[in-house]
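J.: To start, I am sharing the structure in question, which I have written as structure tokens.
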Amino acid sequence: MKKKYHEISLAKKFSFTSIIIIFFTILSLTILIRVIYEKSVLNITSESYKEKFQIISDNSQNVLENAEKIAKALLTDDAIQNWFLLDSEENADQIKYKMQVERRLDYLDALYSDKEYSSISLFDSYGHIVNSNSIRSESQKYEEFFSLVKENYNVKWIDLYNQCIEGYEKKGIGYIRYYRDYDTGIIKGYLMIEYQSPLLINNFTHIKNGEQGKYIIADLEGNTKIENDKDIFENIGDKDYFKWAITNQKGGKVFNIDEERYLVTTSEIPTLNWIMLGLTPVRELTRAGRNIIQIIYMVGIIAVLLNIIFSLRVAYSVTKPLTELTRTMSSFGKGNLSVKVPVLYMDEIGTLSEAFNKMAEKIRQLIEQVYQEQKAKRKLELAALQAQINPHFLYNTLNSVSSLIQMECLDDAFVMIQSIGTFYRTSLSDGKTLISIQQEMINIENYIKIQEFRYGNKIIYKTDIEEEILKEWIVKLTLQPLVENAIYHGVKEKRGQGIIEIKGWKENNKVYITVSDNGTGIPKEKLIDLFSMDTREKESAFGLFNIQQRLQIYFGKEYGLHLESKEGQGTIATVCLPVGFKKEIEKNESISG
């Protein structure tokens, strides 16, 4: 993607960049407005729900607290107390007091509205029951409550949603209070005030918000009692929003429920250890804000379209001269040095075009000048190097022949002169400067043969060249000066037998050839300066400098000669060459003169 972007025209880059900037600016602005708006709506709604929940919680508390007042009023009534204190046998007194109790309950029903409680039931210690008028016809069903009330007399509130009582299908809660005989301390009766589900629902209907919002009433274990004005029993204890609700009673939080985002708010009903949950879809709360977002989207789309039209026109009008300049420069870069850029206007681009034309003309002149100078320079340099290295070897060889003649070893001198002739005939290589390593090794063999006449068994020669590198290219007379230096400056001065070894191999796409000896070595301070310009005139270092220069002229700075030496132990000269260097000899000769 990045590569394709860099390859397109400047006009398209300008237009594309401008469109992207505007698009992402509008997109970022839209997202920012949406986030801020949604956050504000949710905060306001959370606070509103918190206040609403608190009011409903207070109302529920007031209704439930009335249960205690009603219970106190009933349990202090003489008729009710007398009925509790009667024997279990059915008699006239019991019927009389029972009727009095029923009148008291009827009076209480008339005194309180049907929103205060659902029903009242009184049980004596023998299981006899008196009900308020609203459930008196169902008295038989409520007889089953006696064991439940008796078992839970120490608990004020019992949950009737989860109770399985035969014949009782209603849901709700019950307030229990016992009556104790003050003289004997024995519990003589029980009272249960029932709050059925419709009465409780009447207090919670205002929790629901909007068309899709809902409320849930549940206990702390996650068992639901009421959901959206209906008795629904399920367990939501494993839901994330419920876990948050039982540990956090402040504000609201957004949760994903059934793949939709809901604002969840909560409050508690302390008397019952219940919590109220309000669930409202976020999309419903932010419905009004979506219109604003849509307007911003429309404005953004129009802005992007207008930007595309104008940016393309402006970009092409600005970049047309640049396109022409680019085309001309491309042609110039391919070698057409005669091209010129038409100067249409004298603005910045026109000034640039005129400067390019002047620069191109100057480059044409400089290229011609440099070409001629470099051609002459390289001819002279390589000719001088070649001329210097050949007499250097010839001088040492003829000196050896002269010594043989002086020693009257005429046959050896004759053979040596023949070897010299063969050596130079091979070295000339029909005027070629680059030869194969195989040819260079033939030169070395002739040179070693010449030296064996002088030194006999004093010097041992070893060669180990990998066959696969024999066809690679080398500048001729590279290895011979190294062998010569190994003899004259290495093993010649050594006591005992000297060893000169030549090795060659290929490694990491390079060819390495080493000439090593076990001679006297080179002092460290001299080794450091051996290739410096100051040593060029020194006979001992000239051959090495010459080899380094010729190798790097042909193959580049990363190739050449490297020396390692330890005084008293010997020297290793390493030549590094490229693999696959396939220059034609005639071409090289044209460079070297």
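J.: Based on the mean of other beta carbon atoms within 10 Å per residue, what is the order of 256-265, 179-188, most packed first? Before the final figure, lay out the partial values.
T.: Details: 256-265: 16.4, 179-188: 12.6.
Highest-to-lowest ranking by the protection proxy: 256-265, 179-188.
J.: Which value in nm describes the separation of the simple spin-label points at GLN497 and LEU563, placed 7 Å from the Cα toward the beta carbon?
T.: So the label points at GLN497 and LEU563 sit 2.8 nm apart.
J.: Compare the peptides 167-175, 228-236 by average per-residue count of other Cβ atoms within 10 angstrom and give them in order, highest first. Please report the intermediate quantities before stating the final value.
T.: Values: 167-175: 17.4, 228-236: 13.8.
Result, highest mean first: 167-175, 228-236.
J.: Amide H to amide H, which residues 5 or more places from PHE581 or on other chains are under 5 Å from it, using H placed in the peptide plane?
T.: Here the answer is TRP473, since their amide H atoms fall under 5 Å of that of PHE581.
J.: Let me cross-check ARG104: its accessible surface, 1.4 Å probe, with only protein heavy atoms counted, in Å² to the nearest 10?
T.: Answer for ARG104: close to 90 Å² accessible.
J.: How far apart, in nm, are the 7 Å Cα→Cβ label points at VAL314 and TYR168?
T.: 8.1 nm
J.: Suppose every Lys and Arg Cβ carries +1 and every Asp and Glu Cβ carries -1, with no other charges. What dipole size does region 432-581 come out with about its Cα centre, to the nearest 20 debye?
T.: Working: 20 positive and 21 negative charges, 52 e Å.
The calculation lands at about 240 debye.
J.: Which cross-chain or sequence-distant (5 or more) residues have an amide H under 5 Å from the amide H of TRP274, H modelled 1.01 Å from N in plane?
T.: It is ILE269, by chain and number.
J.: For GLU324 and LYS462, calculate 0.36 nm times their separation in residues minus their Cα-Cα distance, and state this gained length in nm to one decimal.
T.: Using 0.36 nm per residue and subtracting the Cα-Cα distance, I get 43.1 nm.
J.: Under a straight-distance cross-link criterion of Cα-Cα below 16 Å, which aspartates and glutamates are reachable from LYS494, leaving out those fewer than 8 residues away in the same chain?
T.: GLU484, ASP517, GLU567
J.: Mind listing the phi-derived Karplus ³J(HN,Hα) values for region 302-309, rounded to whole Hz, using 6.51, -1.76 and 1.60 with θ = phi - 60°, and x for any glycine or proline?
T.: 4, 5, 5, 4, 4, 5, 4, 5
J.: So, taking all protein chains as they sit and a 1.4 Å probe, how much accessible area belongs to PHE24, in Å² rounded to tens?
T.: 110 Å²
J.: Follow-up question, since we're still on this one. Given a Förster distance of 22 Å, report the FRET efficiency between GLN552 and THR574 from their Cβ-Cβ distance, rounded to the nearest 0.05.
T.: Numbers: r = 14 Å, r/R0 = 0.65.
Efficiency computed from Cβ-Cβ geometry: 0.95.
J.: Right, next: Can you give the FRET efficiency for ASP529 and LYS362, using 1/(1 + (r/R0)^6), R0 = 41 Å, r = Cβ-Cβ distance, to the nearest 0.05?
T.: My answer for the efficiency is 0.50.
J.: Still on this structure: Would you mind counting up the charge near LEU477? Only other residues with Cβ under 12 Å from its Cβ, with Lys and Arg at +1 and Asp and Glu at -1.
T.: Value of the local net charge: +1.
J.: Read phi for every residue in region 275-286 and hand back ³J(HN,Hα) as whole Hz from Karplus 6.51 cos²θ - 1.76 cosθ + 1.60, θ = phi - 60°, with x for Gly and Pro.
T.: Computed from phi, the couplings for region 275-286 are 10, 10, 10, x, 10, 10, x, 4, 4, 6, 5, 9 Hz.
J.: If I compute solvent accessible area with a 1.4 Å probe over the protein chains, what percent of it on region 465-504 is carbon and sulfur? Intermediate results must be reported in sequence, preceding the final value.
T.: On the way: 750 of 1710 Å².
Carbon-and-sulfur percentage of accessible area, whole number: 44.
J.: Check cross-link reach from LYS471 to the aspartates and glutamates: straight Cα distance under 16 Å, and skip same-chain residues fewer than eight apart.
T.: Qualifying aspartates and glutamates at Cα under 16 Å: GLU440, GLU507, GLU584.
J.: How much net charge surrounds GLU221 when only the other residues with a Cβ under 15 Å from the Cβ of GLU221 are counted, with Lys and Arg +1 and Asp and Glu -1?
T.: Neighbourhood net charge equals -2.
J.: Could you give the length gained on full extension between LYS156 and LYS432, defined as 0.36 nm per residue of separation minus the Cα-Cα distance, in nm?
T.: Stretched out fully, the LYS156 to LYS432 stretch lengthens by 87.5 nm.
J.: Roughly what would the spin-label model give for TYR488 and GLU65, points 7 Å off Cα along C-beta, in nm?
T.: 12.2 nm
J.: From the backbone phi of region 472-485, what are the Karplus-calculated ³J(HN,Hα) couplings (6.51 cos²θ - 1.76 cosθ + 1.60, θ = phi - 60°) in whole Hz, Gly and Pro given as x?
T.: Those phi angles translate into 6, 9, 8, 6, 5, 6, 8, 7, 4, x, 5, 5, 4, 5 Hz.
J.: Can you give me the long-range amide H partners of GLU144? Hydrogens built in the peptide plane at 1.01 Å from N, cutoff under 5 Å, separation of 5 or more residues or another chain.
T.: When sequence neighbours closer than 5 places are left aside, there are no close amide H contacts.
J.: Determine how large the accessible area of VAL41 is when every protein chain is in place; take a 1.4 Å probe and give Å² rounded to the nearest 10.
T.: Approximately 20 Å² of VAL41 is accessible to the 1.4 Å probe.
The values are calculated or read from the model by the stated rules, or taken from the named source; none is laboratory data. Predicted model only: the values in this text are computed from it and were never measured. Cβ sites come from the backbone with ideal geometry, for glycine too, and all protein chains shown count toward neighbours. Remember, those area values only see protein heavy atoms, side chains included, never the ligands or the DNA or RNA. Shrake-Rupley method; radii C 1.70, N 1.55, O 1.52, S 1.80 Å.
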